[in-house]
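The values are calculated or read from the model by the stated rules, or taken from the named source; none is laboratory data. Computed from a prediction, not measured in an experiment: that's the story for all the values here. Methodologically, a virtual Cβ is constructed for each residue, glycine included, from the backbone with ideal geometry; neighbour enumeration extends over all protein chains shown.
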Amino acid sequence: MKIHEYQAKELFRTFGVPVPDGGVAFSVEEAVDIAKGLGAYPVVVKAQIHAGGRGKGGGVKLAASEAEAKDHAGDILGMTLVTHQTGPEGRLVKKLLVEAGQEIAKELYLSILVDRATAGIVIMASQEGGMDIEEVAAKTPEKIIKVRVDPLTGIQGYHLREVGFGLELPTAALRGFSTLLKNLYTLFVKNDCSLLEINPLILTKDDKVMALDAKVDIDSNALFRHRSLLEYRDLDEEDPLEVEASKFNLNYINLDGNVGNIVNGAGLAMATMDIIKNAGAEPANFMDVGGGATAEMVENALRIILMDEKVKAVLINIFGGILRCDVFAQGVVAAAQKTGITIPVVVRMEGTNVERGKEILAASGLNLINAVDLKDAAEKVAAAI
């Protein structure tokens with residue numbers, strides 16, 4: 001689950017990580033009030049969306065006066081902000097973060113993330129703060145410091161020193177940085193984060209460190225342990241179809257193609273998407289109903305896919321194991337009767353009770369295209385498109 005920058009900074013404050021003074025505004029008037037309350041200019045007006053690159057898209061502006069703060073808030077609030085992470089459609093800005101400006105001596109990069117290769121946690125840092133870390137990694141990978149931490153033993157003093165010395169911080173800043181990094185690690189672990197990123201982490205002229213930006217992603221599978229964090233979820237920032245799918249425990253990701261697909265199993269879903277592309281068509285979604293799906297879940301999966309206007313045909317690929325083919329077929333028939341399918345539907349089924357499943361589909365009177373195997377199914381759905 002992604003959260004906004006202002007929400008991430010609320011977490012930072014709770015765990016003793018220094019951040020600029022500021023507040024969130026939902027109107028121009030609120031933004032001006034917050035700016036005046038900070039007591040001095042300049043202030044920074046920042047769009048709050050779930051995407052990076054906001055500054056390059058015009059979503060972050062420095063205001064030297066109350067009048068500028070008002071103008072910038074009016075320009076940003078309500079704009080459709082397009083960045084390299086939003087796609088060409090952009091995101092509508094509905095809230096702003098207004099913060100006190102800072103005197104910056106140096107910009108750094110700092111992140112903590114799960115390292116699946118070692119089943120551990122890795123701290124990444126660089127003196128190239130304020131830049132796209134992907135660009136730094138591609139052009140000057142030697143400028144990225146990586147320190148791996150065993151989650152069973154936790155962060156130790158030598159980890160803190162290795163990162164601090166690697167960033168070549170002045171001696172006066174090392175103690176404050178070590179405290180900040182230790183607190184960030186505690187935040188990361190206690191909240192089951194999958195990513196924590198500060199870009200930039202700044203060094204001020206008086207050798208203090210501060211998180212000028214904040215990005216936090218939380219493992220959605222762990223949210224049952226963090227009920228309070230559910231309040232941070234912003235449904236306006238999520239795809240409406242993905243939100244709908246989450247209500248029924250369906251693993252759904254919306255894509256740009258025109259072939260909707262329903263599959264039971266993440267690996268099988270990925271293979272299905274690949275073979276759709278190989279056949280010359282484009283997948284419109286990733287949809288994994290899961291190995292233990294019920295007829296109701298299958299019904300909802302098909303209903304959600306048909307809500308997508310991009311979808312011109314549907315490929316259903318089911319391997320009957322825990323989810324038996326006859327149960328699946330009952331879900332397809334129920335969904336078809338309720339939604340009135342008007343586009344081609346190709347079905348490939350194998351596994352437990354497959355013959356009974358085919359009988360149910362045949363007796364339904366639905367205009368379905370049967371496929372003998374996955375290759376045949378992909379070719380038939382591409383031809384139908």
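Being over 18 Å from Ile385 (Cα atoms), surrounded by fewer than 24 Cβ atoms within 10 Å (Cβ to Cβ) and modelled with pLDDT under 90 narrows it down to one of Val333, Val298, so name that one.
Val333
Taking region 78-117, which residues are part of a loop (DSSP other than H, G, I, E, B), touching a residue at least 12 places away in the same chain (Cβ under 8 Å) and among the aliphatic types (A, V, I, L, M)?
Matches in region 78-117: Met79, Val82, Val93.
Residues are listed down the side, and each one gets a yes or a no for (1) of a type in the set (S, T, N, Q); (2) loosely packed, with under 15 Cβ neighbours inside 10 Å:
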position	(1), (2)
Lys2	no, no
Glu29	no, yes
Ala51	no, no
His84	no, yes
Gln102	yes, no
Ala105	no, yes
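How many residues are in a helix (DSSP H, G or I) and within 18 Å of Val381 (Cβ to Cβ) when one looks only at region 276-297?
Here the count works out to 3.
Against the condition without any contact (Cβ under 8 Å) to a residue 40 or more places away in the chain, out of contact with any helix residue (DSSP H, G or I) (no Cβ under 7 Å at 6 or more places or on another chain) and under 20 Å from Ile104 (Cα atoms), how does Ala64 come out, does it pass?
Against the criterion (without any contact (Cβ under 8 Å) to a residue 40 or more places away in the chain, out of contact with any helix residue (DSSP H, G or I) (no Cβ under 7 Å at 6 or more places or on another chain) and under 20 Å from Ile104 (Cα atoms)), Ala64 qualifies.
Say whether the condition of being surrounded by 14 or more Cβ atoms within 10 Å (Cβ to Cβ), in contact with a strand residue (DSSP E or B) (Cβ under 7 Å, 6 or more places away or on another chain), hydrophobic (A, V, I, L, M, F, W, C) and more than 21 Å from Ile341 (Cα to Cα) is met by at least one residue in region 219-229.
Scanning region 219-229, I find at least one residue that is surrounded by 14 or more Cβ atoms within 10 Å (Cβ to Cβ), in contact with a strand residue (DSSP E or B) (Cβ under 7 Å, 6 or more places away or on another chain), hydrophobic (A, V, I, L, M, F, W, C) and more than 21 Å from Ile341 (Cα to Cα), so the answer is yes.
Considering only region 4-29, state which residues are of a type in the set (D, E, K, R) and touching a residue at least 40 places away in the same chain (Cβ under 8 Å).
Glu5, Lys9, Asp21
Under the condition of being modelled with pLDDT of 95 or more, of a type outside the set (Val, Ile, Thr) and over 12 Å from the mean Cα position of the chain (by Cα), which residue from region 194-207 is farthest from Ile133 (Cα to Cα)?
Leu203
Of all residues in region 1-44, which are among the small types (Gly, Ala, Ser) and within 29 Å of the chain's Cα centre (by Cα)?
Ala8, Gly16, Gly22, Gly23, Ala25, Ser27, Ala31
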